[in-house]
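The values are calculated or read from the model by the stated rules, or taken from the named source; none is laboratory data. All of these numbers come straight from a predicted model, not from anything done at the bench. A quick note on method: Cβ atoms are made from the backbone with ideal geometry, for glycine too, and the neighbour counts reach across all protein chains shown. Ligands, DNA and RNA are stripped out before the accessible areas are found, and what is left, the full protein with its side chains, is counted by its heavy atoms. Shrake-Rupley method; radii C 1.70, N 1.55, O 1.52, S 1.80 Å.
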Amino acid sequence: ALAALFDLPDSRLGVTEVLGWLEIAAIRRRFGIEEAGLEWIRRWIEESAIRWGIDGVMREGFDLPAEEAHSWRFGLERLFLGYALAPDGELYENLLPCAEVEGQRVATLGGLQEFLDRLARWREGLRAPRPLIEWVESLQALMAECLAPDEDEDLALRPLRLMLDRLRADAEALGFSAPVGRALIRAEVREALALAAPTQHFLTGRVTFCNMVPMRSIPARVVCLLGMNGSDFPRDQRPAAFDLMAREPRRGDRLRRQDDRNLFLEALLSARDVFYVSWLAFDARDNAPRVPSVMLNELLDALDRSECAPDGGLLSDWLCVKHPLQPFSARYFTGAQPRLFSYHADWCAAAASPAAPAPPFAATPLPALAGERSVDLADLLRFLRLPARWFLTRRLGLRAPDEPLLLDEREPFVLHGLEGWQLRQRLWDLVATQGSPEPLLRAAGELPHGVVGSLTLERAQRRVERFHRKLLPYLEAPRPALEVDLRCGEWRVQGWMQGLYGGGLLRYRLGRLRAVDRLQLWAEHLVLNALEPDGGHSSRFVAEDDLLSLTPYASAAERLAELLELYQEGQNQPQPLFPETSWAEACAKLPARDKAWLGDDFSELRGESEDEAVRIAFRGYADPLAETPFAQLAQRLFKPMIDHEESPHG
């Protein structure tokens with residue numbers, strides 16, 4: 001971090017670089033930022049559209065327009081305004097307050113502002129050449145202003161401080177006062193930091209991690225040797241081709257393998273209560289046996305010759321514990337081997353479930369959630385978006401595979417795909433406002449810079465206006481939100497349903513009609529007709545390219561129960577439901593099915609088979625579409641819906 005701070009004059013101060021510095025505890029300490037505040041800072045950066053650069057003046061130094069949007073000053077001013085003003089969505093001095101900061105979190109925002117101010121000052125302060133003594137003073141001031149190291153971290157900086165003292169002494173002794181460029185000082189700094197001492201003294205804590213080096217084996221209660229694989233220890237000694245001593249070895253020459261044998265013996269003699277050794281006994285790819293270090297084999301052979309195990313067998317077999325390669329192995333939960341155990345409740349329940357033939361789409365199905373027969377309507381709709389993702393995130397507790405790990409450092413130039421859709425949604429929310437929305441959108445950082453942003457906004461406005469005219473006839477006679485508390489067999493569905501009008505349930509999307517829109521409308525249509533069976537409710541989904549209308553359904557409760565059973569099955573194993581692909585399968589459109597599954601290189605359409613959740617949940621299957629359950633499930637879900645469309649698709 002310190003080496004990177006010294007290179008500030010060359011930095012763009014992108015959000016990833018600044019967050020990387022703040023992940024250093026010594027920097028956070030200096031500016032009073034807690035570790036928990038990093039997540040808030042990340043969220044603030046995303047919400048306030050910060051990308052890179054202190055301000056427009058800094059960007060001008062890169063031969064770019066002096067545009068303030070998407071800079072740190074632009075975003076921080078929005079955040080401070082959001083703390084000071086009410087979040088009413090109104091502009092203040094051409095800035096849109098970002099209502100994300102409240103309460104004590106403003107202290108974290110203040111620390112972030114102070115850090116950015118210091119970075120901006122040092123970015124200019126380190127630029128010009130200067131005498132060595134002034135460089136020493138500048139580096140010492142940089143460390144004092146940006147770092148608050150603890151005892152261990154201060155030890156790592158000791159070589160750098162010694163180097164600075166040496167530079168000052170040499171400059172004073174020689175009377176050297178000529179200006180020196182930053183490149184030379186950078187090389188000295190990096191060389192000194194490469195010699196940084198370990199971050200922890202030997203034997204200063206309850207547990208010490210260290211290398212195996214001579215004379216380090218001080219007696220201890222427990223000594224653990226990790227990674228004692230046959231291919232790693234003792235170390236191979238492969239001399240260079242020009243090593244003349246290796247060509248003609250003599251008595252007394254150092255042998256690395258012999259040193260390692262002595263180190264192993266020292267570690268063994270140093271252990272007072274426990275001597276623990278581990279190695280990789282099976283290959284992680286094909287489970288093939290792998291041998292331990294030859295010295296460990298010699299030790300086990302010596303033990304077998306000197307003593308027997310309590311059961312009369314070999315002592316080495318009794319001492320060695322062979323762990324499975326997977327932490328969810330059933331061997332950890334059977335109790336057959338007392339030294340194999342685990343504390344993971346879900347894996348224990350899976351191991352305790354009755355043995356049954358594995359279904360085609362679950363290599364290790366989890367046990368059913370017995371007794372859980374209540375479902376929130378919103379959860380049911382989220383499940384239908386992609387059951388594989390639901391299974392991974394909700395049932396297994398994994399992170400969403402497509403969750404972004406890095407913030408975007410590029411300001412928007414052209415809005416494609418999701419960005420364009422988000423702009424149209426923002427315009428839809430502003431459709432009732434008077435005047436041009438361009439100042440508000442530019443203040444929020446949602447438009448590309450300059451004329452490109454104006455043209456992009458104009459095209460998006462035309463699409464929004466056309467869609468508004470198409471949707472307007474269906475918005476008559478709005479009804480209040482309907483509370484859902486429905487008994488359906490063994491199930492209880494709860495939640496709220498909005499978007500009710502005189503013509504029935506209405507959903508719309510400022511984009512094309514997707515298969516997941518059909519599925520979710522179908523689920524809500526069943527809930528509404530089961531909740532009020534005598535109402536004769538219709539449902540509609542209005543999209544830019546299509547209109548889906550569903551007629552009243554008399555047997556909605558029975559069909560809804562089947563959908564809820566699918567939801568229950570989706571908690572135990574991933575279901576082969578891929579909305580776009582399954583919809584094309586139900587409509588017997590094989591070319592469209594293959595395109596939805598594999599994607600389209602010409603239109604850069606991403607296929608559902610490329611979704612990370614699908615790839616993880618169905619890995620090991622050459623072609624999940626070839627399995628019988630896929631086609632059956634597609635017909636089971638979409639066929640009743642197709643039969644109740646006013647204009648059936650086929």
Take the Cα pairs of region 252-298, get the Kirkwood Rh, then feed it into Stokes-Einstein at 20 °C and 1.002 mPa s and tell me D in µm²/s. 167
So residue 259 and residue 558, fully extended at 0.36 nm per residue minus their Cα-Cα distance, gain in nm 100.0 nm
Starting from the Cα of residue 244, step 7 Å along the direction of its Cβ; do the same at residue 166; then give the gap between the two resulting points in nm. 3.1
Can you compute the radius of gyration and Dmax for region 441-572, using only the Cα atoms, both in Å? 18.7, 59
Which aspartates and glutamates, if any, have their Cα less than 14 Å from the Cα of residue 589, not counting same-chain residues under 8 positions apart? 580
The chain: longest stretch without exposed GluC sites (Glu not before Pro) (DSSP loop, at most 13 other Cβ within 10 Å), sites themselves excluded? 103-306
For region 5-139, whose charge dipole is built from +1 on Lys and Arg Cβ atoms and -1 on Asp and Glu Cβ atoms, the candidate among 49, 97, 15 with its Cα farthest towards the positive end is 15
Shape call for region 78-194 from the C-alpha gyration tensor, a ≥ b ≥ c root eigenvalues: rounded (a/c under 1.5), prolate (a/b greater than b/c) or oblate? prolate
With a/c under 1.5 counting as rounded, go ahead and sort region 529-650 into rounded, prolate or oblate using the C-alpha gyration tensor (a ≥ b ≥ c being the square roots of the eigenvalues; past the cut-off, prolate if a/b is larger than b/c, else oblate). oblate
Shape call for region 14-131 from the C-alpha gyration tensor, a ≥ b ≥ c root eigenvalues: rounded (a/c under 1.5), prolate (a/b greater than b/c) or oblate? oblate
Provide 322, 589 ordered by accessible surface of protein heavy atoms (probe 1.4 Å), highest first. 322, 589
About its Cα centre, region 531-630 carries a charge dipole, from +1 on Lys and Arg Cβ atoms and -1 on Asp and Glu Cβ atoms, whose size in debye to the nearest 20 is 140
Using distinct alpha-carbon pairs, which all enter the 1/r mean, Kirkwood radius of region 111-170 in Å: 12.8
Sorted list, accessible surface of protein heavy atoms, 1.4 Å probe, largest first, for 621, 508 is 508, 621
Where the accessible area of the chain is counted over protein heavy atoms with a 1.4 Å probe, how much of it, in %, is carbon and sulfur? 53
Mind putting a number on the dipole of the chain about its Cα centre? Charges go on the C-beta only, +1 for Lys and Arg and -1 for Asp and Glu, and I need it in Debye to the nearest 20. 1060
Roughly how far apart, in whole Å, are the Cα centres of region 552-604 and region 159-175? 72
Apply 1/(1 + (r/R0)^6) to the Cβ-Cβ distance of residue 183 and residue 251, taking R0 = 51 Å, and write down the FRET efficiency to the nearest 0.05. 0.50
Dipole moment magnitude, nearest 20 debye, region 9-59 about Cα centre, only Lys, Arg, Asp, Glu C-beta charged: 120
May I ask you to list, by number, the DSSP H helices of the chain whose Cα span along the axis is at least 27 Å and whose average Kyte-Doolittle hydropathy reaches -1.0 or more? 105-125, 450-471
Taking residue 595 as the anchor, which lysines have their alpha carbon closer than 26 Å to its alpha carbon, excluding any fewer than eight residues away along the same chain? 639
Expressed per residue, the solvent accessible area of the chain in Å² (1.4 Å probe) is about 57
Write down the percent of antiparallel bridges among all DSSP beta bridges whose residues are both part of the chain, to the nearest 5. 65
If you take the charge dipole of the chain about its Cα centre, with +1 on Lys and Arg Cβ and -1 on Asp and Glu Cβ, which of 413, 560, 234 is farthest toward its positive end? 234
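Using only Cα atoms, figure out Rg for region 518-585 and give it as a multiple of 2.2 N^0.38 Å.
For region 518-585, the normalised Cα radius of gyration comes out at 1.24.
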What the Cα atoms of region 281-349 span along the principal axes, largest first and in whole Å, is 43, 30, 15
Taking the Cα-to-Cβ direction at residue 153 and at residue 436 and moving 7 Å from each Cα, how far apart do the two end points lie in nm? 4.9
Added length on full extension, which subtracts the Cα-Cα distance from 0.36 nm per residue, residue 90 to residue 601: 179.6 nm
Would you compute, for the Cα atoms of region 53-104, the largest minus smallest coordinate along each principal axis and list the three values in descending order, in whole Å? 38, 24, 11
Using R₀ = 22 Å, calculate the FRET efficiency as 1/(1 + (r/R₀)^6) where r is the Cβ-Cβ separation of residue 328 and residue 610; round to 0.05. 0.25
Taking R0 as 60 Å, what's the FRET efficiency between residue 395 and residue 236 from their Cβ-Cβ distance, rounded to 0.05? 0.80
Report the one residue of 315, 278, 40 whose Cα lies farthest in the direction of the positive end of the charge dipole of the chain (charges on C-beta: Lys and Arg +1, Asp and Glu -1; origin at the Cα centre). 315
Contour minus Cα-Cα distance for residue 297 and residue 220 (0.36 nm per residue): 25.4 nm
Expressed in square angstrom to the nearest 10, the accessible area of residue 449 with a 1.4 Å probe stands at 50
Residues in region 483-512 near a label at residue 546, defined as backbone nitrogen under 18 Å from the 7 Å Cα→Cβ point? 506-512
